[in-house]
Amino acid sequence: AWYVPCLASLETLQELCRKENLTCKSIGITNRSLKSYEVEYLCDYKVEEGKAYYLVKWKGWPESSNTWEPRKHLNCPLLLQNFLRDKNEYLSRVRDGKALKVRNHVKALKPAIADYIVKKAKQRIALQRWKEELNRKKNHKAMILVENTVDLEGPPLDFYYINEYKPAPGINVLNGITTGCECADCPAEKCCPKEAGFILAYNKRKKLKIQPGLPIYECNSYCRCGPDCPNRIVQKGTPYSLCIFRTNNGRGWGVKTLQKIKTNSFVMEYVGEVITSEEAERRGQLYDNQGNTYLFDLDYDSDEFTVDAARYGNVSHFVNHSCDPNLQVFNVFIDNLDLRLPRIALFSTRTIKAGEELTFDYQMKGSIDLTSDSAEGLSPSKKRIRTVCKCGAVCCRGYLN
């Protein structure tokens, strides 16, 4: 589905709702807010006749309804903390990193400070709404958090969260599988992997035991085994709470884990639009000019299809590249046994500490590691602008592609 953004501002929609006495929870207009005033954020500060006043943006009311209120009327300690923190953050940035505070005798904030405070407040609200949207759309139990303590960047405007492949017209990512295993104990019997000629990918602790390059065949929707089967891992989604955060070294958004991840554990699946390689080549030229890298070739058996996570994807859309990554790519087959269309799963290569950023090598292609040397052998149509790598690893190759 294609989405068309509303051309009216949030404030305009709120004002229209109030005039027509309508409620709309998604833009903050409820029955309660129609008749009451709740502080959404604080915009400015001044002192008059020895009394401190704050300019208040009321929740569900347009900015034209902002009012100056004395400090004693405000019962919003968290919003006051945010206001003071944002003010001091601005001052520390403009004064060479030295944290300074507005002296008590200052009667009003400079317009640039007030403008920054409002932008930070709006960003905080936008990121909170984005976090709520992501957690509504995800199909796994673990939480997704969002954090930006670096700049004023808000949620991406042209990104839509999905949980599974979104095939382009004419591409079928489900091949109509109608049979499954009859195992009572999948690890001990001739289960789905053995039928395909491979070994079971997981051990009894549900950790990966196969080497990179080998495929994973999980039990499917027609298998006799239940949801607790040890051969059902990727299909359950990520078990870890993750945080999409803004990096401080120019790499845009990144993803970090909020929980410890043990070696050989499933972390997340890479999803997006499934397109033909010809369409991927066309889009790749555009993405290279923008400095973006979201194309993942499904080249386990052939080179017919590519996953494009630029506009549609999950948390993996925000995972950065590293030449020394902590995640490894594996090809997975569950309800589709078409070797041209594997699902892409990311597993940990080592123990990952809570708070550590998650990364994978963008040149990993399942069983093939496309190094910078082998890239020189590509045809002229496949050669594109090289993107500089900022991973900072000791073994950094210098480029993403």
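Classify the range 138-360 as rounded, prolate or oblate, taking a ≥ b ≥ c as the square roots of the eigenvalues of its Cα gyration tensor: rounded when a/c is under 1.5, otherwise prolate if a/b is larger than b/c and oblate if not.
On the way: a/c = 2.03, a/b = 1.35, b/c = 1.50.
Oblate, because a/c is 1.5 or more while a/b does not exceed b/c.
Between the amide H of F305 and those of S277, L298, distances stay under 5 Å, these residues lying 5 or more places away or on another chain, with hydrogens modeled in the peptide plane.
Only the Cβ atoms of Lys and Arg (+1) and of Asp and Glu (-1) were treated as charged; on that basis the dipole of the chain about its Cα centre amounts to roughly 2040 debye. Of the options T306, V319, P156, report the single residue whose Cα projects farthest towards the positive end of the charge dipole of the range 138-360 (beta-carbon charges: Lys, Arg +1; Asp, Glu -1). Projecting each Cα onto the dipole axis, the largest value belongs to V319. The GNM of the chain, with springs linking C-alpha atoms under 10 angstrom apart, assigns the highest mean-square fluctuation among S316, S221, S26 to S26. Beta-bridge orientation, the chain: approximately 75 percent antiparallel, per DSSP, counting only bridges with both partners inside.
Quick one: with all protein chains in place, what share of the accessible area of the chain is carbon or sulfur, to the nearest percent (1.4 Å probe)?
52
Translational diffusion of the chain was estimated from the Stokes-Einstein equation, with Rh taken as the Kirkwood radius over Cα pairs; at 20 °C and 1.002 mPa s the coefficient is 88 µm²/s.
Find the accessible area per residue for the chain; the probe is 1.4 Å, ligands and nucleic acids are left out, and the unit is Å².
I get 54 Å² per residue for this part.
Any idea what diffusion coefficient the range 93-251 gets from Stokes-Einstein, in µm²/s, Kirkwood Rh on alpha carbon pairs, 10 °C, 1.306 mPa s? Answer from the Stokes-Einstein relation: 76 µm²/s.
Between the listed residues C76, F296, I117, the Cα displaced farthest toward the positive end of the dipole of the chain, a dipole computed from Cβ unit charges relative to the Cα centre, is found at C76. For the range 9-58, the number of Lys pairs with C-alpha atoms closer than 18 Å, counting only pairs eight or more positions apart or on separate chains, is 5. From helices alone, the chain scores -6500 deg cm²/dmol at 222 nm; the rule is -39500 (n - 2.57) for each run of n ≥ 4 DSSP H residues, then divide by the residue total. For the range 176-293, the relative contact order works out to 21 percent when only alpha carbon pairs closer than 8 Å and six or more residues apart are counted. Net charge dipole, the range 138-360: roughly 1200 debye, given to the nearest 20, about the Cα centre with Cβ charges of +1 for Lys and Arg and -1 for Asp and Glu. Scaling against 2.2 N^0.38 Å puts the C-alpha radius of gyration of the range 157-266 at 1.33.
Size of the range 249-348: Rg and Dmax of its alpha carbons, in Å, are 14.2, 41.
The values are calculated or read from the model by the stated rules, or taken from the named source; none is laboratory data. Not measured: the values here are computed from a predicted model. Methodologically, a virtual Cβ is constructed for each residue, glycine included, from the backbone with ideal geometry; neighbour enumeration extends over all protein chains shown. All accessible areas refer to the heavy atoms of the entire protein, side chains included, with ligands and DNA or RNA removed. Shrake-Rupley method; radii C 1.70, N 1.55, O 1.52, S 1.80 Å.
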